[in-house]
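Engineer: Okay, here's the structure, questions in a sec.
The values are calculated or read from the model by the stated rules, or taken from the named source; none is laboratory data. Just so you know, these numbers come straight off a predicted model, no measurement behind them. Cβ placement follows ideal geometry from the backbone for every residue including glycine, while neighbour counts extend to all protein chains displayed. Heavy atoms of the whole protein, side chains included, go into the accessibility calculation; ligands, DNA and RNA do not. Shrake-Rupley method; radii C 1.70, N 1.55, O 1.52, S 1.80 Å.
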Amino acid sequence: MLHYHRVGGSGIVAYEIGRSMAEDRGHEVHFVGMEPPFRFGGTFSERMHFHKVEVKEYPVFDYQPYTLALASQLSELILLHDIDVIHSHYALPHAVAAHLAKEISGKPVKTVATLHGTDITVVGAHPTMRNITCYAIRVSNRVTAVSDSLKEATIKEFGISKNKIRKIYNFVNPKHFNPDLPRVKQLNPKGKKIIIHISNLRPVKSPLDVIEIFYGIQKTIREEMELWVVGEGPLLSAMIARAGELDISNSVKFIGIYSNIGSLLASADCFLLPSKQESFGLAALEAMMCGTPVIATRVGGLPELIDDGSTGFLFDFGRNQEAVDKASELFQNEQLYARIRENGLERARTKYDMTAIVSQYEELYLL
Ligand code: GMT
C-alpha cells in the first residue's frame, strides 16, 4: 500500500514504484491519497487500486484532521486487504499516519517511509515539527532518502544513526522519458534553439533566475532562441513581469501545465534548474533521459546526478553569470554539446535505472 502527496515529483515516483510493483512484478498495490497519483491518466491496471481519503468536515475543528482520517482509513485497509507493507512518501504527515494505522490494526504490517526533501529540510527542521518528524523516522520500520545528500542532512539534523536510512535514488519511466519521443513541432515551427524550465515556480526553484539566465544567454550568443516555462506557481506573474522589463516577452512562452512533458523535453536543447535547494531534482533526470543537457545549481542531490562539464553543467546558486557562460559554451561548441548529451543520457540510464531501483524497494519490502 502506498500513500503520497498529490502533486510534485514525490507523487510521480510513488506512482511509478506502485505501477511497476503491480505490472512488472505481480504485487497487489493499493494507492491511498486525496486524488489518484499525479500524471496518472485515469485507469489502473487490474492489480492497482485507488482509495480516496475522506476527511469529515466538522465546524468544531479549526483545521480538518487529515492525518487522523488517513490513519483511520489506512487501518481499515490493512484489515480489509491483508496489507503487508505501507510505503509512505514524506515523513509528515504520512509516515506518522502509517505508524498510527499499524498500531490501530494490531497487525504486523511493515512501515516504509521515503524522505523526499522538504519534509526534512523545511518542515521537519522547523522547531514546531522537529520532534514529530524525528519520531516518524524512528518508528518507521524502514526509511529511505532519495539522495546521499538528503540522507546526510537527515542524520545531521535529527542525530539519527546512519544505518537507519538507506539511500534509494529516484528514477523515471523510460517509456515516458526518452530521446526518441515525437517533437512538439507546433510550438517551434521555425526550429529555434529552445531552453526549458519545468517546476512548480515556487521560490525554492528560483524561477526568476531562469529569466535572468535566459536573457544573459540570448545577449551572449545572439541567435534566435526561446525560453519555455512549464508549470504554474506563485512566481509566475513575477516571471511574466520580469520578462516584460527585460523586453524579452516575445521570446518567452509560458506553457503552463502540460501533460506530455517527455515530448517537450525531447524538443528542447537545454534544461535550466537554478534551484536554491533540491534534494534530488527529478526534472533534471527527466531531461537527461530525453537527451537534453542540464545546467543546474550545485545544491543537494544535483551533484550526484550531474558531473560538471561531463554529464551536464553545475553552477553555484545565485551565480547566474556562471550559468550564462556555461550555456553559451554548450551552444557554441557542437562537439561539447554532443558529448554532454551522450554522457548525460548514459548516466541517467545506468545510475538511475528503473528496474534496478524498483528491485531495491522490493528487497526492502521483503527484508
Ligand atoms: O520541491 C518540490 O517542489 C516538490 C517536492 C515533491 O514533493 O516532489 O520535491 C522534492 O521531492 C522530489 C522527489 O523526490 C525531488 O526531486 C525534489 O528535489 C524535492 N524538492 C526539494 O528538495 C526542494
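Engineer: Looking at the structure I just gave you, is F271 open to solvent by less than 10 Å² (accessible area, probe 1.4 Å), away from the ligand (no atom under 16 Å from the Cβ) and not aliphatic (A, V, I, L, M)?
Structural biologist: no
Engineer: Can you pull out the strands (runs of 3 or more DSSP E) entirely within the range 251-310 that have at least 1 residues that are more than 20 Å from P234 (Cβ to Cβ)? Full working, then the answer.
Structural biologist: Working: elements: 252-256, 270-273, 294-297.
Those strands (runs of 3 or more DSSP E) span 270-273, 294-297.
Engineer: Turning to a different aspect of this structure: Just one of (1) among the aliphatic types (A, V, I, L, M); (2) assigned to a loop (DSSP other than H, G, I, E, B); (3) within 16 Å of the ligand (Cβ to nearest atom) trips up I83, so point out which.
Structural biologist: Among (1) among the aliphatic types (A, V, I, L, M); (2) assigned to a loop (DSSP other than H, G, I, E, B); (3) within 16 Å of the ligand (Cβ to nearest atom), I83 violates only (3).
Engineer: May I ask you to list the residues in the range 208-235 that are within 16 Å of the ligand (Cβ to nearest atom), touching a strand residue (DSSP E or B) at 6+ places or on another chain (Cβ under 7 Å) and assigned to a helix (DSSP H, G or I)?
Structural biologist: Hit for the range 208-235 is V210, nothing else.
Engineer: So if I check each of I198, I306, I211, which one is open to solvent by 10 Å² or more (accessible area, probe 1.4 Å) and among the aliphatic types (A, V, I, L, M)?
Structural biologist: Selected residue: I198, the only one of I198, I306, I211 that is open to solvent by 10 Å² or more (accessible area, probe 1.4 Å) and among the aliphatic types (A, V, I, L, M).
Engineer: Look through E362, E322, E334 and report the one residue that is open to solvent by 10 Å² or more (accessible area, probe 1.4 Å), at pLDDT 95 or above and closer than 28 Å to V13 by Cα.
Structural biologist: E362
Engineer: Against the definition (assigned by TED's automatic domain parsing to the domain that holds N320 and either small (G, A, S) or open to solvent by less than 40 Å² (accessible area, probe 1.4 Å) (or both)), how does I240 come out, yes or no?
Structural biologist: So I240 fails the test.
Engineer: Let me confirm something: among P174, P182, P127, which residue is open to solvent by 50 Å² or more (accessible area, probe 1.4 Å), closer than 30 Å to I83 by Cα and in a loop (DSSP other than H, G, I, E, B)?
Structural biologist: Values: P182 fails: closer than 30 Å to I83 by Cα; P127 fails: closer than 30 Å to I83 by Cα.
Only one candidate qualifies: P174.
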